[in-house]
Each structure stands twice: as C-alpha cells, then as structure tokens.
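Reading through the structure tokens given below for one structure.
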Amino acid sequence: MVTAWTDVYYASEWAIRLAMLFYVPYRRDAAAARGWLLLIFFMPWVGLFLYGLLGRTYLPRRRRDRQRTVREAIERIYRQIPDPEPFRNDAPAQLWPALDLTGALTDFPVVGDSRFELIHDYDAALDRLIDGIDQARSHVHLMYYIFADDAVGHRVSEALARASRRGVAVRVLLDAIGARDGLKAHAPALRAAGAEVIALLPLQLFELDRLRPDLRNHRKIVVIDGCTAFFGSQNIVSSTANKGLTNEEVVVRAEGAVVKQLHAVLLGDRYLETADVPPEVDISGAVAPPPHRPAYAQVVPSGPGCRADTIENVMVGLMYAALSRVVLTTPYFVPSPQFISAMRNAARRGVSVHLVVGKASNKPFVQHAQESYYDTLLDAGVHIHRYYGNFLHAKLMNVDESVALIGSSNLDRRSFELNEEVTVLIYDPVVATELWQIERGYLEKSDTVDPAAWSRRPAWRRLLQNVARLFDAVM
C-alpha cells in the first residue's frame, strides 16, 4: 500500500512538471519562466501552490469587464479632442516617435492649458495638501497606497473630516494592504463625519473573483473641486516612518486640463470596486486654463488592467529618442533587460545618462539586487549616483530638458508589471528645467560610483548581489 501511494506521489510530481513546462512559459518573460520552472522542478507541489497564488497577473472576469467599461468611457470623452496642434509643431522632432508610442499606449491624449508646481519639501507638500482640503467647496477625492496611523495620517484625516462636516463630498480610496493601519484607525471617524472610505484591491482568497494577493494600487492622487490635483511619490505618512531614514519626495500640484485625466484615473479605480460614478463630478467638462503660462501634459496609468508594461515602454521610447541627457531617479531599481539595454544604448550614443539611487535603503535585499546591474551600466558609460542626503523616494525621469515624468512608478518589475501606477508626462522646457535643478541638488549630495573601484568590491558582495537578482521577478 505504501509503495502504491509513493508511486502515485512521484507520478503526480512528474505530471505537474510536464504540465507546467507547457503552461508557465506562455506569454511570459523567459527569465521569470525559468525561475518558476526551476522552483516547480525541484518542489512540484510547493511550486504549484505558489504559482497558483502568485504566478499570473490574472484579473477576474468581473474586473476585466469593469476595466473595459472605464476605458470605453475615457475613449468616448477624449475621442473628439484632437492633439493640440501647437504642441506637435513645438515638440522636438526626435521626440515624435516616442510621443506617438505614448499615445498608442495610454487612453489619454496630450492636453494643454495645464500648470504645475513642483514641491520637494516634505512638510511643505503636506501643508499645501491640507490647505487645499480646507479650502475645498465641492469635493475632495483622495487615493493613496499608504495612509498611516501616525501624526501625519491624523492631520490629513482630521482635515478630511472637517471638509465632510461642512458639506464637501469626501471620498477616500486606500490600498487594502498598504493602508491597512490607516483603514483601521481613520475609516470609522471619517465615515461618522459623512465621508466615503473604500479599500482598494481587498484580499479575497476564497472568492471566485479573487485577485492575485500581491497586486496593489500604488497610486497617489488627490483631486479637489475638479480643478486642482496633487500627485507624485509621497504617501500620507511621516517622513521618518522608515527607521533610521528620512524620506525625500517630489509632489506636484497641478491645475488645468490634466486634472480631468488624473480624476478619470481615480474614478476608474473607484468604479472597479463600486461599479458606479459619484454624482458630484463631471470629468468631460471643460476647465478654465490656469492664470500663468500653460504647459502640455499627458497622464499615463499603468498596471495589470492597462496595456502591457505601459510606463516601461514609454520610458524606453524616450531614452531611444534622447539626444543630450537622461536623468532617472528611483528608490528601487530592478528593471527588465530591455530597460537596461535602452540605458546602455543611450549612453553609447553619447547621451549623458544618470541614474540616481539611494545610498541607504529600507529594503536591503532589493538594494543588493539593484547593485548587480551596476557593472553592465558602468561599462556602457552610465553615471550612477548614490544619494546620501536622505532616503530618496522620488520617482522621476528627465529627458533633454524637454520632457519631465513624475509619478508613483519605481524602476522595477513590480511597478512595471504588477502595481497600479500613475505617471504624468509633462512636455514643457520650463518644468523640465525646474526638475533638473532639483536633480542637480541630488547629484551634489551623491557619491558617484567609480567603475574601477566598483570592480574591486569583495567576492562575497558580488555573490549576494547576484543571488538577490535571481528574485527580480517577484520584487
């Protein structure tokens, strides 16, 4: 009897191995497929369980149907809006192919009549947000990955409660995992004040329409009265939440036509959970242009419900179009081979390519993985800067002082493939130059990696970096 059960068990393991050999590589990056198959071949039943839990970026049918409805609504709104002719004429000719690619990957067109204020002081950004909430007259819609149970979270929560009590429609959307402490701490009081609080992507492990549990909404968007928006990298959390580190961020306060696009992203995420649109908003109406010189912009949402690898492909396209300089700033750098190739090829063409990362990280294992890419980048002439001022959490890209990308997406496979992210492309030399001034401040407080010294790092460190890199598909 024991022998019979042993034979059945061994047969089941080989059945799993053979079946997954056909299934795992289907429409998957080869490196990720090799990693999963290696696990499955060594531990078939464990690998099968983990693959069923985390292996596919699968959206259930109900969510796919709602996502399709959102995209169709956005397409109807913007179908009749042509690309602004002055923008096409003014944009550098070498950027046109990259801009056409961006237009094909996002549902939103380029819009003019927008204004941007870059805020890179943590407390000042928080103060501007709370001031905007306190001045709201119609509605405040807020969506964050982290909304902490700390002094900062309480300040924002109290401002939202005040707004709701004076008749402002307050709707708060928070990631169910990233903001779980904030949901417990703030949701009861906010709901008591009349605000709506919704947990995004809740865990439903035993439901038929369950989601892969590590799919998260990483976006940070606030829309106030339909005319002002905040976006960027900063969550609702103390700057010292990471022990021993102080976060440094970039937040953008926006006015004008781009606010409608950001609002559409936020309302789309709400629709995926509720299947309705709140009555107090109209994202199809015109907006008054801001009083100062307007800029052109375009919102690029990315995530499993969007086109594949949207923001990654946009960034790669812009690197191939760059003529003079590319600056990339990120706290986490675990990119795909095509992203590395774009950086290397831009540097080989004579473009000054700069990667700004933190010298210290709140995720040491990820930092080891990202360091494994430095050799190949340095060989191609990419400049790597390790910022020692604070924990640099900003997510930025600057191209030729013509285009600025600011948003929530890190330069890693999790942000490119798994998380719901939002990035705003700003086509404006004034904003791009202002961003470059901020980035120059980062460079002044950075150690530049010396290729010769880096090649002499200890063998044990190389081993740790290379082992960490093997897990790039799940970081």
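If each Cα of the range 318-380 is one equal point scatterer, what is log10 of I(q)/I(0) from the Debye formula at q = 0.16 Å⁻¹?
Log10 I(q)/I(0), no solvent term: -0.51.
With a 1.4 Å probe and all protein chains left in place, how much of the accessible area of the chain comes from carbon and sulfur atoms, in whole percent?
C and S fraction of accessible area: 56 percent.
Over the chain, what is the mean sequence separation of C-alpha contacts under 8 Å (at least six apart), divided by residue count, expressed as relative contact order in percent?
Computed over the chain, the figure is 16 percent.
With 15 Å as the cut-off, how large is the P(r) tail for the range 90-193, expressed as percent of Cα-Cα pairs?
Above the 15 Å cut-off, the range 90-193 has 71 percent of its Cα pairs.
Which of the listed residues, Val399, Thr106, Trp96, is farthest toward the dipole's positive end in the chain, when Lys, Arg count +1 and Asp, Glu count -1 at the beta-carbon?
Thr106
Can you give the longest stretch of the chain with no exposed loop site, where a site means chymotrypsin sites (Phe, Trp or Tyr not before Pro) in a DSSP loop (not H, G, I, E or B) with at most 10 other C-beta atoms within 10 Å? Show your work: numbers first, answer last.
Values: sites that count: Tyr26, Phe206.
Longest gap between qualifying sites, sites excluded: 207-475.
Can you tally the net charge around Ser455? Count Lys and Arg as +1, Asp and Glu as -1, for every other residue whose Cβ sits under 14 Å from the Cβ of Ser455.
Net local charge, Ser455 excluded: 0.
What label, among [x] 35, 30, 23; [y] 48, 26, 18; [z] 42, 26, 20, belongs to semi-axes √(5λ) of the Cα gyration tensor in Å computed from the structure on display?
Matching the structure shown: [x].
Could you calculate, for the range 248-368, the ratio of the Cα radius of gyration to the Kirkwood radius, expressed as Rg to Rh?
Result for the range 248-368 is an Rg/Rh of 1.04.
With every protein chain left in place, what is the accessible area of Leu59 in Å² (1.4 Å probe, nearest 10)?
20 Å²
With the cut-off at 16 Å, report for the range 173-240 the share of all Cα pairs above it, as a whole percent.
60 percent
Number of Lys-Lys pairs in the chain under 26 Å by Cα, sequence gap 8 or more or different chains?
Close lysine pairs under the 26 Å cut-off: 18.
Starting from 0 in steps of 5 Å, tell me what percent of the Cα-Cα pairs of the range 304-441 lands in each bin.
Bins of 5 Å from zero give 2, 10, 21, 25, 23, 14, 4, 0 percent of pairs.
Please work out the Kirkwood hydrodynamic radius for the range 387-447, using every pair of different C-alpha atoms, and report it in angstroms with one decimal place.
Result for the range 387-447 stands at 12.5 Å.
Counting only heavy atoms of the protein chains, get the accessible area per residue of the range 300-407 (1.4 Å probe) and round it to a whole Å² value. Intermediate values should be presented prior to the final figure.
Details: 2960 Å² over 108 residues.
Using a 1.4 Å probe on heavy atoms only, each residue of the range 300-407 averages 27 Å².
The values are calculated or read from the model by the stated rules, or taken from the named source; none is laboratory data. Since the model is a prediction, treat every value here as computed from it, not as a measurement. A quick note on method: Cβ atoms are made from the backbone with ideal geometry, for glycine too, and the neighbour counts reach across all protein chains shown. Just the protein is used for accessible areas: all its heavy atoms, side chains included, with ligands, DNA and RNA removed. Shrake-Rupley method; radii C 1.70, N 1.55, O 1.52, S 1.80 Å.
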